[in-house]
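Below you'll find the structure, written out as structure tokens, and then a few comments.
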Amino acid sequence: MSNLDDLFRQETSGHSSTNPFEQPFDKEAWAQKKQELRQWAYETIDAATTAIAQSGDEFQRYLDVQSRFDRYSVSNALLILTQRPEATRIAEFDSWKEQGVFIRRKETGFYILEPGEEYRREDGSTGISYNLKKMFDIAQTTANPKPEQPAYPDDRMRIKALMDRAPVPIVIGDSLPPEMHALYQPDTRNIVIRRGMDAGDIFRALAQELAHAELDRGDGRYSRSHFTFHAYCASYMLCKQFGVDTSSFRFHRVPEKLKDMEPQQIRAELTVMKDAAHDMARRMNRMLAQQRQQQRPEPAR
């Protein structure tokens, strides 16, 4: 990929050469190189999709990446997983520069996809072309190398944020089976949660059942059994994002869950999980931001 990297550096430098002996810019060659890079990205995404579908450990590593980059598409999370799995905060060269941060020498960037221009397909539908964007993780920059410890909310506030603006009512009950901590009921459109659990169990169980509520379109045809795995994975990602213990989660049955699926089908299922987790996280972050704003001391006059 070094030639492609060199080509990208040449294009983004913003300086045109005045050397008369240099060859003029070859637009066709540049377009071909861009297509080669796109093809590499698509093949990499398919290979990564196949890999995580065959291993519970690899699948869990993907979920870890997606939980850190919940606003990124599944395809981009897979590209990050393949190239820079430990990344925590990423940006383009120029974005880092605008923040007064620079890329360390000899660091190699990695690529994600970004939407480009729309185009008309042969069947008349509209498609979007994608281009590759080179990114750098904060660990590759001159920023403070000390890892930042996330400031997670306390147990009570975390659960309060999870329940804030929930799509269905949440009630406490004593009639659940012993092995069940919480239950979303599509027929009554509510969640029953067991009384007397510790904070971690409450968050894990409630996140999973809220994911079911997020996924239910309310048309009376919702199948819990079909979306059980989706809700489980959404709960895991939410726990990772908000600092809740995930040691009880198991993904050894992933190959069975995703067998006989094409990579594109698998990514469609992953998108369902990711979107459910993202919607819940967005509500939580909004509530927590409001709480921080209220607790901020008034400036002295």
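Given 10 Å bins starting at zero, what is the percent of C-alpha pairs of the stretch 158-233 in each, up to the one with the largest pair distance?
19, 56, 23, 1
Could you give each residue of the stretch 177-194 its phi-based ³J(HN,Hα) in whole Hz, using Karplus coefficients 6.51, -1.76, 1.60 with θ = phi - 60°, and x for Gly or Pro?
Result, ordered by residue: x, x, 7, 10, 8, 7, 8, 8, 10, x, 5, 9, 6, 8, 10, 9, 10, 5 Hz.
With each pseudo-label sitting 7 Å past Cα toward Cβ, what's the residue 175-residue 160 distance in nm, one decimal?
That separation, rounded to one decimal, is 3.1 nm.
Enumerate the calculated ³J(HN,Hα) couplings along the stretch 127-136 in order (Karplus 6.51 cos²θ - 1.76 cosθ + 1.60, θ = phi - 60°), each rounded to whole Hz, writing x wherever the residue is Gly or Pro.
My calculation for the stretch 127-136 gives x, 10, 7, 10, 10, 8, 10, 7, 10, 9 Hz in order.
Kirkwood hydrodynamic radius, the chain, all distinct C-alpha pairs: what's the number in Å?
Here the Kirkwood hydrodynamic radius works out to 22.1 Å.
Hey, can you rank 77-89, 239-251, 199-211, 93-105 by average C-beta count inside 10 Å, highest first?
Values: 77-89: 19.0, 239-251: 16.4, 199-211: 22.4, 93-105: 12.8.
Final packing ranking: 199-211, 77-89, 239-251, 93-105.
Once the other residues with Cβ under 14 Å from the Cβ of residue 153 are scored (Lys, Arg +1; Asp, Glu -1), what is the net sum?
So the environment of residue 153 carries a net charge of +3.
Can you run phi through the Karplus equation (6.51, -1.76, 1.60; θ = phi - 60°) for the stretch 107-113 and list ³J(HN,Hα) in whole Hz, with x for Gly and Pro?
The phi angles translate into 7, 10, x, 9, 10, 10, 9 Hz.
In whole Å, how far is the Cα centre of the stretch 196-227 from that of the stretch 99-155?
31 Å
Skipping prolines and chain starts, which residues have an amide H placed within reach, meaning under 5 Å, of the one on residue 116, given they are 5 or more residues away or on another chain?
129, 130, 131
Under the rule of at least 5 residues apart or a separate chain, name every residue whose amide H is placed under 5 Å from the amide H of residue 135.
110, 111, 112
Stretch residue 126-residue 187 to full length: gain in nm at 0.36 nm per residue minus the Cα-Cα span? Don't skip to the answer; put the middle values down first.
Working: separation 61, 0.36 × 61 = 21.96 nm, distance 3.82 nm.
My answer for the length gained is 18.1 nm.
Where the accessible area of the chain is counted over protein heavy atoms with a 1.4 Å probe, how much of it, in %, is carbon and sulfur?
The value for the chain is 47 percent carbon and sulfur by accessible area.
Taking only DSSP H segments of four or more residues, each worth -39500 (n - 2.57), what value at 222 nm results for the chain once the sum is divided by all its residues, to the nearest 500 deg cm²/dmol?
Values: 10 runs with 148 residues, N = 301.
-16000 deg cm²/dmol, from helical runs alone.
Taking springs between alpha-carbon atoms closer than 10 angstrom, which of 224, 156, 282 fluctuates most in the Gaussian network model of the chain?
Maximum among the listed residues: 156.
Which residues' amide hydrogens lie under 5 Å from the amide hydrogen of residue 190, considering only partners 5 or more residues apart or on another chain, with H built in the peptide plane?
185
Find how much the distance from residue 296 to residue 97 grows on full extension, using 0.36 nm per residue of separation minus their present alpha carbon separation; answer in nm with one decimal.
68.6 nm
Give me Rg/Rg_expected for the stretch 108-186, where Rg uses Cα atoms only and Rg_expected = 2.2 N^0.38 Å with N residues.
This ratio for the stretch 108-186 stands at 2.03.
What ratio of Cα Rg to 2.2 N^0.38 Å holds for the stretch 113-271?
1.33
Would you mind working out the accessible area per residue for the stretch 52-101, using a 1.4 Å probe, and quoting it in Å²?
Per residue, the stretch 52-101 has 48 Å² of solvent-accessible surface.
The values are calculated or read from the model by the stated rules, or taken from the named source; none is laboratory data. Small disclaimer: the values here were computed from a predicted structure and weren't measured. Cβ atoms come from the backbone with ideal geometry, glycine included; neighbour counts cover every protein chain shown. Note: accessible area is taken over every heavy atom of the protein model, side chains too, but ligands, DNA and RNA are not part of it. Shrake-Rupley method; radii C 1.70, N 1.55, O 1.52, S 1.80 Å.
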